[in-house]
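Presented below is the structure to which this report refers.
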Amino acid sequence: QVQLVESGGGLVQAGGSLRLSCATSGLTFSTYAMGWFRQAPGKEREFVAAIKWSGRSTYYADSVKGRFTISRDNTRNEVYLQMNLLKPEDTAIYYCAAGYELTNNRYEYPYWGQGTQVTVSS
């Protein structure tokens with residue numbers, strides 16, 4: 001049974017930082033690309049960042065480029081999202097996902113976590 005569990009969300013002031021983690025089990029983690037997506041109230045789920053199985057390639061949405069960093073630890077079966085210079089518009093539920101390709105297409109990720117809330121106050 002594949003499980004992805006996000007943690008690290010919370011309330012932070014604008015300009016602050018948070019680090020999200022996603023612990024996985026039930027899959028051969030080192031063979032999957034991993035992605036982070038987010039969904040704000042009333043909006044579609046959108047791509048944030050992704051990382052190749054090897055960790056050598058990453059891909060970011062323009063809205064977070066230069067502020068967020070995705071990384072992974074294949075020995076711990078975990079993926080991370082370091083978020084700096086947070087803005088109120090970053091407020092959303094953040095989801096991690098496992099897929100077969102490095103892509104921003106959410107439909108290419110078959111496995112998803114339950115999400116963690118990130119709230120950025122102005």
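So between Val2 and Gln117, what do we pick up on full extension, going 0.36 nm a residue minus the alpha carbon distance? Before the final figure, lay out each step's value.
Working: separation 115, 0.36 × 115 = 41.40 nm, distance 2.15 nm.
Full-extension gain reported as 39.3 nm.
Could you pull out every residue, at least 5 positions away or on a different chain, whose amide H is within less than 5 Å of the one on Thr91? Hs are placed 1.01 Å off N in the peptide plane, and Pro or chain starts have none.
HN-HN under 5 Å from Thr91: Val120.
Roughly how many debye, to the nearest 20, is the charge dipole of the stretch 36-96 about its Cα centre, given +1 on each Lys and Arg Cβ, -1 on each Asp and Glu Cβ, and no other charges? Can you show the working numbers first?
Numbers: 10 positive and 7 negative charges, 33 e Å.
Magnitude of the dipole: close to 160 debye.
Determine Rg/Rh for the stretch 23-72; Rg is computed over alpha-carbon atoms and Rh is the Kirkwood hydrodynamic estimate from the same atoms.
On the way: Rg = 12.2 Å, Rh = 12.0 Å.
Ratio of gyration radius to Kirkwood radius for the stretch 23-72: 1.02.
On a full-extension model of 0.36 nm per residue, what is the gain between Asn104 and Arg45, subtracting their alpha-carbon distance, rounded to one decimal in nm? Mind dumping the intermediate values first?
Details: separation 59, 0.36 × 59 = 21.24 nm, distance 1.11 nm.
Extra length from Asn104 to Arg45 when fully extended: 20.1 nm.
For the chain, give the percent of accessible area contributed by carbon and sulfur heavy atoms, probe 1.4 Å, rounded to a whole number.
Working: 2880 of 6430 Å².
Here it works out to 45 percent.
Just want the answer: with Cβ charges of +1 for Lys and Arg and -1 for Asp and Glu, which residue in Gln114, Gln3, Thr24 is farthest toward the dipole's positive end in the chain?
Value: Thr24.
In nm, to one decimal, how far is the Ala61 label point from the Arg19 one, both placed 7 Å along Cα→Cβ?
So the two model labels end up 2.3 nm from each other.
Assign unit charges at the C-beta atoms only (+1 for Lys and Arg, -1 for Asp and Glu), then state the dipole size of the chain relative to its Cα centre in Debye, rounded to the nearest 20. Could the numbers behind the result be given before it?
Numbers: 12 positive and 10 negative charges, 38 e Å.
Here the size comes out at about 180 debye.
Could you order the peptides 102-111, 26-35 from most to least packed, using the average number of other C-beta atoms within 10 Å per residue? Can you show the working numbers first?
Values: 102-111: 14.8, 26-35: 18.7.
Put in order of decreasing packing, that is 26-35, 102-111.
What does the charge count around Phe37 come to, taking other residues whose C-beta lies under 14 Å from its C-beta (Lys +1, Arg +1, Asp -1, Glu -1)? Walk me through the numbers on the way to the answer.
Values: positive: Arg38, Lys43, Arg45, Arg106; negative: Glu6, Glu44, Glu46, Asp90, Glu108.
Here the count lands on -1.
How would the stretch 82-122 be classified by its alpha-carbon gyration tensor: rounded, prolate or oblate, with rounded meaning a/c under 1.5 and the a/b versus b/c comparison settling the rest?
Values: a/c = 3.10, a/b = 2.15, b/c = 1.44.
It is prolate, given that a/c is not under 1.5 and a/b is the larger ratio.
How much accessible area does Lys52 have with a 1.4 Å probe, in Å² rounded to the nearest 10?
For Lys52, solvent-accessible area is about 80 Å².
The values are calculated or read from the model by the stated rules, or taken from the named source; none is laboratory data. Owing to the predicted nature of the structure, the values given are computational and were not obtained by experimental measurement. Counting neighbours? That spans all protein chains shown, and the Cβs are built from the backbone with ideal geometry, glycine included. For the accessible areas, the whole protein counts, side chains as well, though only heavy atoms, and no ligand, DNA or RNA atoms are used. Shrake-Rupley method; radii C 1.70, N 1.55, O 1.52, S 1.80 Å.
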